[in-house]
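The values are calculated or read from the model by the stated rules, or taken from the named source; none is laboratory data. In this text the structure is predicted, and so the values were computed from the model without any measurement. A quick note on method: Cβ atoms are made from the backbone with ideal geometry, for glycine too, and the neighbour counts reach across all protein chains shown.
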């Protein structure tokens, strides 16, 4: 594998680590920007002859771990959103009941 392909793959691995950190921070805009940069690097690496299959396998494994993390974070955020909606609904109901009782 030539140096530019190795460098692109190494850079893609580094960006994958940065994407993992962004997901842990729930920084989805940063994650998306990093993903766009990483896609270019992966395309560059894959366009070269004699691609390092071990490096590509490592990138794929780390990407799979990233996808799993993003799924977990998405589920947690969805749960938080549902809890928030439930709390807002309960507060509105309480306020409505208090208002109705105060008017009587």
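General observations
- Residue ID - nearest to residue 77 (Cα to Cα), chosen from residues in region 1-17 that are under 21 Å from the mean Cα position of the chain (by Cα) and exposed (fewer than 15 other Cβ atoms within 10 Å of the Cβ): 17
- Listed by first and then second residue, the pairs with beta-carbon distance under 7 Å, at least 6 apart or on different chains, first residue in region 61-73 and within 10 Å of residue 24 (Cβ to Cβ), second outside any helix (DSSP H, G or I), are 73/26.
- Checklist (1) assigned to a helix (DSSP H, G or I); (2) modelled with pLDDT under 95; (3) out of contact with any helix residue (DSSP H, G or I) (no Cβ under 6 Å at 6 or more places or on another chain); (4) surrounded by 11 or more Cβ atoms within 10 Å (Cβ to Cβ) applied to residue 88, failing item: (4)
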